[in-house]
Structure formats: C-alpha cells, structure tokens
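The structure under discussion appears below in the form of structure tokens.
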Amino acid sequence: MRYRIKNQGFTLIELAIVLIVIGLLIGLGASLIGPLTKRAKLTETREAVKQAKEAVLGYVVKNGYLPSTLEDAGARKLDAWGRDIQYFKAPEIVSGDICGKNTTSIQIYECTNTNCSVYLTKSNIAFIIYSTGEDANGSCTGSSSPFYVREQGMPYNPPCSYTQTNPQYNYDDIVAYVSLDEIRALRGCPQPLIIVSPAILPEGQEDSFYSYSLQAIGGKPPYTWTGSVGNGLTLSESGLISGIININNQPPNTGELPDCSSSLNINATVNDSAGSPFQTYTGTIPVKPKPLKIITENLPTGYMGTTYNISLSGSGGKSNYTWSLYSGNLPSGLNLSANGIISGSISNPTTGCDSSYISNFVVKLDDNCGQPTYKAFSITVNDPDCGGGGGGSGGGGGGGGGGCTSYSLSISNQGNDKSFRIDSGTCINLENGGSSYLGGLSGGSLLTVYRNYWCWDTILLQGTMQGLDSNGNCIVNVSCSGNSCSAN
C-alpha cells in the first residue's frame with residue numbers, strides 16, 4: 001500500500017506575516033543602535049576618566065609630585081570618541097614633595113542648580129581630569145582655575161552662556177578631580193605646619209627677665225624659628241624668646257617706662273624639616289613698668305641754721321614722678337618739692353644750744369598710673385651751737401686735720417647732674433645748681449662723687465673726710481662743675 005507524501009509550505013498570508021515581523025524587528029533595532037552606542041561610549045569614557053584619575057593618583061602618592069602628562073602616569077589618553085582626555089595640574093606640586101605643600105592655586109566650583117548661579121567652592125585641588133563628551137566642547141568646564149562641574153544636560157551656547165532657547169550644546173563633560181588633602185593623607189604626610197601661639201603673649205616687666213617659647217604643630221619637626229624681637233629680647237632657633245626687657249633703653253635700668261604700659265612687637269617665621277611652606281607669626285608682648293618704689297632708705301641729719309638739700313629717689317612706674325608730703329611734718333624751714341627735693345634752711349629758734357628733735361613724716365610718690373606708693377622717713381635735727389655736732393660754721397671740735405672728732409660735708413654742683421654717697425649708703429642726686437649738706441661724719445667716712453645720677457658711671461672724686469679736709473677745719477667743701485669736682 002502506498003502513501004502519498006504531501007509537501008506543505010507557507011501560505012502567502014503566513015509569509016506576509018513573517019516578513020512584517022522581520023521588518024518590525026529590523027526597524028526597532030535600527031532605532032536602538034544610536035542610543036545604545038552613545039550609552040556604551042559614555043560608559044567607556046567614564047571608565048577612561050576614572051582610570052586616568054587613579055593612575056595619576058597612584059603616581060603622585062608614590063613619587064610625591066604630579067606627572068607631567070597622562071602617559072607618564074600610564075593612564076589612557078583618549079576617550080571613547082577618540083579625543084584627548086584633558087589633564088590640568090596644580091603648578092605647586094609638579095616637583096618636590098607634596099608633603100611640603102599645604103595649598104594649591106586650583107579651585108573647583110560645583111554647581112548646585114542648572115544655571116550655576118549657586119555653587120560649592122572646593123579649594124586646594126591637586127589635579128582635574130575630564131572628557132569633553134560627545135559634543136567635544138569643554139568650554140563650560142574650563143581650562144584654568146576656577147574650573148566648573150555643571151549639571152549634566154545644562155543647555156548653553158558657546159563659550160558658556162546658559163540658554164533655554166535653541167541651545168547649541170547640552171553640557172555632557174565627564175569630570176574627576178582630587179584634592180591636595182586626599183593625596184597627603186594617602187601618602188602619609190604629617191598635618192600642615194601651623195603656629196599655635198596666641199597673638200598676645202604673657203605680660204612682661206621692664207628691666208626684668210622674660211621667657212616664652214613660641215609653639216607650632218604639624219609639619220615635620222624639628223622646627224626652625226627666625227626673626228627678631230629687640231629691646232633686650234632675642235629669639236632662638238627653637239622659638240624661645242628670652243632676655244631682659246629694656247624698652248626705656250636707659251641705664252641704670254630701674255624698671256621705669258615713659259608710659260603706664262607699653263608693648264613689644266614680634267615678627268617671626270617657622271620652617272619644618274620637610275620643607276613645608278614657612279609660617280609667619282606676628283604678636284605682641286604687653287610690658288608694664290616695675291612696681292613704683294621709693295628707693296631712698298634714710299635721710300641725713302639736719303642742723304639748725306644751715307641749708308638742707310636732699311633728692312629723694314624712686315624707681316619703677318612711669319618715669320614722670322610727682323612727690324608730695326602725705327602725712328607728718330618736715331623740720332621747720334624745709335619743704336618737699338614735686339620733683340622730690342627736700343630743701344630749705346632749718347630754723348634755729350635761739351642763738352643758744354637748742355634741743356635736738358626728730359621730724360617723722362610719710363612721703364607719697366605718684367606716677368599717675370593709679371598705683372602710688374608711700375614711705376615713712378625721719379630727719380634728726382641737731383643744733384651745731386651745742387658743740388660736737390659738726391655745724392655749718394666749722395664746729396665739731398677737735399682742732400683740724402686728724403684731730404677732728406666729726407666732719408661736715410658741703411657739696412654743690414654746676415652743669416650736668418651728678419650724685420654722691422658716703423661709704424655704701426644712700427645715693428644722693430645733685431641736679432644742676434643743687435647743693436647738699438651733711439654733718440656728723442667720721443674721719444674715715446668715704447665720699448664718692450659720680451658723673452651721673454644713681455651713683456653709677458665715672459667717679460669724679462673719692463676720698464675720706466680726713467683726707468679731703470685740706471684746711472684742717474673739720475669741714476669738707478666740694479665744688480663740682482662740668483665733669484670735674486674739687487675739695488678744699
């Protein structure tokens with residue numbers, strides 16, 4: 001029995017349907033080719049920019065400075081469209097060690113809205129890498145600092161003018177960047193060098209020792225400080241400010257200032273051992289005078305019927321002093337001037353022998369800085385008519401030469417200020433035209449006359465009372481003029 005084999009094929013209708021489906025698939029595929037290709041290139045370019053960033057980052061972390069080109073870092077040079085990937089580097093870190101750098105000149109503005117009217121500022125950028133995208137126009141990212149990172153799709157016309165009407169371009173740059181701090185952290189750099197000392201340092205005192213160490217942190221110790229202070233202070237390489245403060249710059253350095261307070265300016269720089277950029281310091285040291293003080297210890301004996309002239313001495317405070325009698329009474333006939341001179345002729349009640357007495361009083365010294373000081377004194381007053389007192393008329397008994405039981409000293413001055421003392425006692429100042437009288441001195445009492453105030457500088461005259469009494473009348477008369485003194 002034979003079977004008939006029936007050959008079946010597509011009917012015309014079926015064939016038409018197949019052709020329609022194939023046509024639809026071909027058309028759909030053609031429409032997807034463009035977007036898929038663009039997406040692939042965007043993905044490839046993002047990877048290329050990322051790879052370039054990582055290559056440059058690895059290079060600088062290893063070597064401490066940026067590569068000159070992307071090729072030097074082993075990075076891909078072209079994007080998916082075959083165009084050069086842009087690479088801009090901070091000039092501060094193309095050589096040397098990045099650990100010695102704290103700042104760069106590159107900034108990036110990250111736009112936070114479409115037209116970039118608001119943006120975040122990123123400073124101290126080490127490098128920026130970007131592709132100009134499909135449109136090949138990188139003007140909206142820029143080629144110098146500040147660079148811009150804009151919203152994707154921002155419509156604009158060249159060079160970079162935001163527009164919503166018929167824009168020529170839509171921003172499509174692919175950007176990557178790295179900050180200086182990121183690289184420093186990856187390289188294990190120390191923190192930036194910073195001075196932490198305050199601008200106003202602890203207070204100092206005129207003519208007194210001062211010591212303070214300037215402080216810095218970060219960078220790489222040891223640090224080296226340079227600069228100058230002056231007025232008796234020096235700055236060591238370790239940052240130590242030390243010395244005797246002397247703003248007044250006048251001997252004998254008794255702690256006075258021209259004003260109630262003053263200050264010293266300090267200008268210094270510090271460098272670390274890693275070559276970091278040096279840091280500058282500007283500060284001040286407030287300076288006060290030493291506390292106001294009356295330094296005269298005791299006052300010499302006075303004699304009735306004779307002149308008396310003694311200058312009180314002070315130190316510290318503001319140098320323009322005002323003296324006054326605070327309480328008690330001076331011997332009759334004496335007055336205390338505002339410049340500290342007790343002078344006058346002590347009253348002699350009678351021509352006979354009057355009893356000795358002691359005047360007790362308190363002197364006030366003020367420098368108008370709000371901290372006056374006080375001191376109690378006493379002056380013993382004797383009557384030379386009673387004998388043995390060494391009066392101004394040449395008494396004191398004993399006959400002359402080595403036979404005097406006591407001596408009197410009369411000293412006067414013309415010209416520049418001078419000073420004198422007996423033995424190592426109180427220094428007595430003599431102004432131009434001033435004079436002083438002392439009695440009851442022994443033959444061995446040593447007189448020393450100096451060419452300046454405060455009993456310092458050149459000695460003009462020195463000798464014992466007995467040695468200077470050339471007339472043998474128990475009275476030593478000393479006359480000073482200019483830079484010389486004589487006794488007779």
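The values are calculated or read from the model by the stated rules, or taken from the named source; none is laboratory data. Values in this document were obtained by computation on a predicted structure and should not be read as measured data. All Cβ positions, glycine included, derive from the backbone under ideal geometry; neighbour counts span all protein chains shown.
Considering only residues that are at pLDDT below 80 and charged (D, E, K, R), which ones fall in segment 414-427? Break it down stepwise before answering.
Keep residues of segment 414-427 that are at pLDDT below 80, which gives 424-426.
None; the set is empty.
Would you check if Asn477 is closer than 14 Å to Ser410 by Cα, in a strand (DSSP E or B), in the same structural domain as Tyr407 (by TED's automatic domain parsing) and among the polar types (S, T, N, Q)? Steps first, answer last, please.
Values: closer than 14 Å to Ser410 by Cα: yes; in a strand (DSSP E or B): yes; in the same structural domain as Tyr407 (by TED's automatic domain parsing): yes; among the polar types (S, T, N, Q): yes.
In short, yes.
Would a scan of segment 397-413 turn up a residue that is among the hydroxyl-bearing types (Ser, Thr, Tyr), touching an Asp or Glu at 6+ places or on another chain (Cβ under 9 Å) and modelled with pLDDT of 80 or more? Don't jump to the end; show me each part of the working.
At the first step, the residues of segment 397-413 found to be among the hydroxyl-bearing types (Ser, Thr, Tyr) are 405-408, 410, 412.
Retained after the next criterion (residues that are touching an Asp or Glu at 6+ places or on another chain (Cβ under 9 Å)): 407.
The next check asks that each one be modelled with pLDDT of 80 or more; those that pass are 407.
Yes: segment 397-413 contains one or more residues that are among the hydroxyl-bearing types (Ser, Thr, Tyr), touching an Asp or Glu at 6+ places or on another chain (Cβ under 9 Å) and modelled with pLDDT of 80 or more.
Are any of the residues in segment 322-329 of a type outside the set (Asp, Glu) and outside any strand (DSSP E or B)?
Applying the first criterion (of a type outside the set (Asp, Glu)) to segment 322-329 yields 322-329.
Cutting the leftovers down to outside any strand (DSSP E or B) gives us 329.
Yes, segment 322-329 has at least one match.
Kindly list, by first and then second residue, each pair from a residue in segment 363-381 that is touching a residue at least 60 places away in the same chain (Cβ under 8 Å) and under 18 Å from Asn309 (Cα atoms) to a residue that is β-branched (Val, Ile, Thr) and in a loop (DSSP other than H, G, I, E, B), limited to pairs with Cβ atoms under 7 Å and residues at least 6 apart or on different chains.
Thr380/Thr301; Val381/Ile346
Return yes when Val149 is farther than 27 Å from Ile194 by Cβ, of a type in the set (A, V, I, L, M, F, W, C) and modelled with pLDDT of 95 or more and no when it is not.
Values: farther than 27 Å from Ile194 by Cβ: yes; of a type in the set (A, V, I, L, M, F, W, C): yes; modelled with pLDDT of 95 or more: yes.
Yes: the conditions hold for Val149.
Which one of Thr104, Thr121 is of a type in the set (Ser, Thr, Tyr), touching a Leu at 6+ places or on another chain (Cβ under 9 Å) and within 30 Å of Gln279 (Cβ to Cβ)?
Working: Thr121 fails: touching a Leu at 6+ places or on another chain (Cβ under 9 Å).
After ruling out the rest, the residue left standing is Thr104.
Mind counting the residues in segment 230-286 that are under 25 Å from Val196 (Cβ atoms), modelled with pLDDT of 90 or more and assigned to a loop (DSSP other than H, G, I, E, B)?
Final tally of qualifying residues: 8.
Specify the residue that is modelled with the lowest pLDDT; the eligible residues are those in segment 450-460 that are of a type outside the set (Ser, Thr, Tyr) and part of a strand (DSSP E or B). Show your work before the answer.
Just the residues of segment 450-460 that are of a type outside the set (Ser, Thr, Tyr), to begin with: 451-452, 454-457, 459-460.
With part of a strand (DSSP E or B) added as a condition, the list becomes 459-460.
Details: Ile459: 84, Leu460: 89.
Only one residue fits best here, namely Ile459.
Quick one: Gly227 ticks every box in (1) in contact (Cβ under 8 Å) with a residue 24 or more places away in the chain; (2) under 29 Å from Pro291 (Cβ atoms); (3) assigned to a strand (DSSP E or B) bar one, so which box is it?
The single condition Gly227 does not satisfy is (2).
For Gly58, which of the numbered conditions (1) assigned to a loop (DSSP other than H, G, I, E, B); (2) farther than 22 Å from Val149 by Cα fails to hold?
All conditions are met except number (1).
Let's see how each residue does on (1) at pLDDT 95 or above; (2) within 26 Å of Pro146 (Cα to Cα):
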position: Arg4; (1), (2): no, no
position: Leu24; (1), (2): no, no
position: Gly27; (1), (2): no, no
position: Leu36; (1), (2): no, no
position: Pro67; (1), (2): yes, yes
position: Ala75; (1), (2): no, yes
position: Pro91; (1), (2): yes, yes
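Could you tell me which of the residues Leu430, Leu441, Leu447 is closer than 18 Å to Leu312 by Cβ and at pLDDT 80 or above? Walk me through it before giving the result.
Details: Leu441 fails: closer than 18 Å to Leu312 by Cβ; Leu447 fails: closer than 18 Å to Leu312 by Cβ.
Step by step, each of Leu430, Leu441, Leu447 is checked, and only Leu430 is closer than 18 Å to Leu312 by Cβ and at pLDDT 80 or above.
Keeping to segment 112-126, report how many residues are in contact with a helix residue (DSSP H, G or I) (Cβ under 6 Å, 6 or more places away or on another chain) and of a type in the set (A, V, I, L, M).
Here is the first cut: in segment 112-126, the ones in contact with a helix residue (DSSP H, G or I) (Cβ under 6 Å, 6 or more places away or on another chain) are 124, 126.
From what is left, the residues that are of a type in the set (A, V, I, L, M) are 126.
Selection size over segment 112-126: 1.
Any chance you could count how many residues in segment 333-353 are under 15 Å from Thr301 (Cα atoms) and either touching a Lys or Arg at 6+ places or on another chain (Cβ under 7 Å) or outside any strand (DSSP E or B) (or both)?
Here the count works out to 4.
Report whether or not Ser319 is over 16 Å from Tyr437 (Cβ atoms) and out of contact with any helix residue (DSSP H, G or I) (no Cβ under 6 Å at 6 or more places or on another chain). Spell out how you get there, then give the answer.
Details: over 16 Å from Tyr437 (Cβ atoms): yes; out of contact with any helix residue (DSSP H, G or I) (no Cβ under 6 Å at 6 or more places or on another chain): yes.
Judged against the criteria, Ser319 is a match.
Which residue, of Gln279, Gln215, is closer than 30 Å to Val60 by Cβ and either loosely packed, with under 14 Cβ neighbours inside 10 Å or not assigned by TED's automatic domain parsing to the domain that holds Lys89 (or both)?
On the way: Gln215 fails: closer than 30 Å to Val60 by Cβ.
Exactly one of Gln279, Gln215 is closer than 30 Å to Val60 by Cβ and either loosely packed, with under 14 Cβ neighbours inside 10 Å or not assigned by TED's automatic domain parsing to the domain that holds Lys89 (or both), namely Gln279.
Of the conditions (1) surrounded by fewer than 20 Cβ atoms within 10 Å (Cβ to Cβ); (2) within 27 Å of Asn63 (Cα to Cα), Ile244 clears all except one; give me its number.
(2)
Condition check ((1) surrounded by 14 or more Cβ atoms within 10 Å (Cβ to Cβ); (2) at pLDDT below 95; (3) among the aromatic types (Phe, Trp, Tyr); (4) within 50 Å of the chain's Cα centre (by Cα)) across all residues:
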position: Ile295; (1), (2), (3), (4): yes, yes, no, yes
position: Thr306; (1), (2), (3), (4): yes, yes, no, no
position: Ser327; (1), (2), (3), (4): no, yes, no, yes
position: Asn339; (1), (2), (3), (4): no, yes, no, yes
position: Gly352; (1), (2), (3), (4): no, yes, no, no
position: Thr380; (1), (2), (3), (4): yes, yes, no, no
position: Gly388; (1), (2), (3), (4): yes, yes, no, no
position: Gly392; (1), (2), (3), (4): yes, yes, no, no
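Can you tell me which residues in segment 412-436 are closer than 16 Å to Ser486 by Cα, touching a residue at least 60 places away in the same chain (Cβ under 8 Å) and among the hydroxyl-bearing types (Ser, Thr, Tyr)?
Listed by number, the residues that qualify are Ser412, Ser435, Ser436.
Could you list all residues from segment 124-137 that are under 18 Å from Lys53 (Cα atoms) and either basic (Lys, Arg) or assigned to a loop (DSSP other than H, G, I, E, B) (or both)? Give the steps one after another, and end with the answer.
Going residue by residue through segment 124-137, those that are under 18 Å from Lys53 (Cα atoms) are 124-133.
Once the filter is applied, which keeps residues that are under 18 Å from Lys53 (Cα atoms) and either basic (Lys, Arg) or assigned to a loop (DSSP other than H, G, I, E, B) (or both), segment 124-137 yields Asn124, Thr132, Gly133.
Condition check ((1) part of a strand (DSSP E or B); (2) within 20 Å of Ala55 (Cβ to Cβ); (3) of a type outside the set (Lys, Arg)) across all residues:
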site: Cys140; (1), (2), (3): no, no, yes
site: Ser143; (1), (2), (3): no, no, yes
site: Tyr148; (1), (2), (3): yes, no, yes
site: Ala176; (1), (2), (3): yes, yes, yes
site: Cys189; (1), (2), (3): no, no, yes
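Can you list residue pairs whose Cβ atoms sit under 6 Å apart, with the first residue in segment 160-189 being farther than 30 Å from Asp135 by Cα and the second being assigned to a helix (DSSP H, G or I) and not aromatic (Phe, Trp, Tyr)? Count only pairs 6 or more apart in sequence or on different chains.
Sorted first by the residue in segment 160-189, then by its partner, the pairs are Ile183/Val60; Ile183/Ile98; Leu186/Val61; Arg187/Val61; Cys189/Cys99.
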